[in-house]
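Since every read-out is calculated from the coordinates, none of them should be taken as a lab result. Treat the numbers as computed from the prediction; the structure is a model and nothing was measured. Glycine also receives a Cβ, built like all others from the backbone with ideal geometry; neighbour counts cover every protein chain displayed.
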Amino acid sequence: MSDLRSLAEWATATGTTAEGLGARALRRHVAVLAADGLAPSTVARRLASFRSFFGMLGREGLIQQNPAELLSAPRRARKLPNVLRVDEISDLLDRIPATTPLDLRDRAMFELAYAGGLRAAELTDLDLESVDFESEQVRVEGKGGKTRVVPVGEPAMKALGIWLERGRTALAPLEERALFVSRTGRRLSTSDLRRRLTSWSAKAGLPPGIHPHALRHSFATHLLDGGADLRAIQELLGHASVSTTQIYTKVESERLRSAYSSAHPRA
């Protein structure tokens with residue numbers, strides 16, 4: 001209702017009659033909203049309110065065409081992913097001790113998440129047969145049932161080996177095929193994963209709100225920093241389109257711009 005009230009006030013202030021509230025007038029109103037600094041999401045919400053209102057008038061037979069249908073919603077700025085620095089990743093992983101079975105599981109799990117750029121659901125869906133120690137790679141079932149094979153570095157493979165030898169055997173029943181299990185021996189859920197990462201992130205002194213996808217974002221960004229090809233990163237992440245992967249080039253651009261602004265004497 002406040003959106004419609006705002007439109008009515010604007011129409012009154014500009015001398016726009018009810019009959020004159022067509023697509024052109026609405027476009028001028030939207031331009032004013034944008035000039036006033038309203039976020040694209042707020043402008044899009046107001047347009048949705050206008051479409052709903054004029055749609056109701058159309059159903060009542062009061063107007064012939066919905067003028068708001070002729071306007072496109074503004075493009076929303078794409079939020080850059082949350083990326084940890086390499087030293088923050090190291091602090092997080094090194095904070096997890098090799099003591100209890102659950103500690104061994106968490107160390108292996110998060111080493112693998114970062115080493116392979118896995119989604120939370122991909123990580124918890126892994127079975128014992130998913131890991132190939134000889135070739136140091138993991139077979140991942142991604143979105144849409146697409147399978148990809150991801151190479152994994154030595155630290156993650158070592159952590160996995162210790163988990164399987166000293167941790168998992170103490171928790172999982174013989175018939176359980178899940179790679180990562182809970183303290184009761186069942187397959188770990190994504191909520192379990194998020195909860196454990198939140199706990200270890202706090203102990204490592206990282207900012208609040210670190211989620212499993214941050215490890216995946218960090219994986220991609222650090223590969224790009226190291227000179228990896230964007231197409232290769234796309235395949236490793238399991239993205240259907242390289243346009244999805246290109247968000248990491250924006251992360252790198254923002255990082256370089258920040259470094260320039262803080263370090264260059266004439267920035």
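Before moving on, here are some points about what is shown:
- In the chain, Cα pairs under 8 Å separated by at least six residues give a relative contact order of 17 percent.
- Between R183 and E154, the distance separating the two model label sites (each 7 Å from Cα on the Cα→Cβ line) works out to 3.5 nm.
- Span-like helix check, the chain: qualifying full DSSP H segments, with Cα axial length of 27 Å or more and mean Kyte-Doolittle of -0.5 or more, are 40-59.
- Separation in nanometres of the label points that stand 7 Å from Cα toward Cβ, at T249 and L57: 4.4
- Structure-based [θ]222 nm, the chain - -39500 (n - 2.57) summed over DSSP H runs of at least 4, per residue, nearest 500: -16500 deg cm²/dmol
- The GluC sites (Glu not before Pro) of the range 97-179 that DSSP puts in a loop, and whose beta carbon has at most 16 other beta carbons within 10 Å, are E134, E136, E175, E176.
- Using only the C-alpha atoms, the convex hull of the range 2-70 corresponds to 81 Å³ per residue.
- Summarising the amide proton neighbourhood of V152: residues at separation of 5 or more, or on other chains, whose placed amide H is nearer than 5 Å comprise Q137, V138.
- Between D132 and Q64, residue separation times 0.36 nm minus the direct Cα-Cα distance comes to 18.0 nm.
- Between the labelled values [x] 1.40; [y] 1.08; [z] 1.24, the entry that holds Cα Rg over 2.2 N^0.38 Å as derived from this structure is [x].
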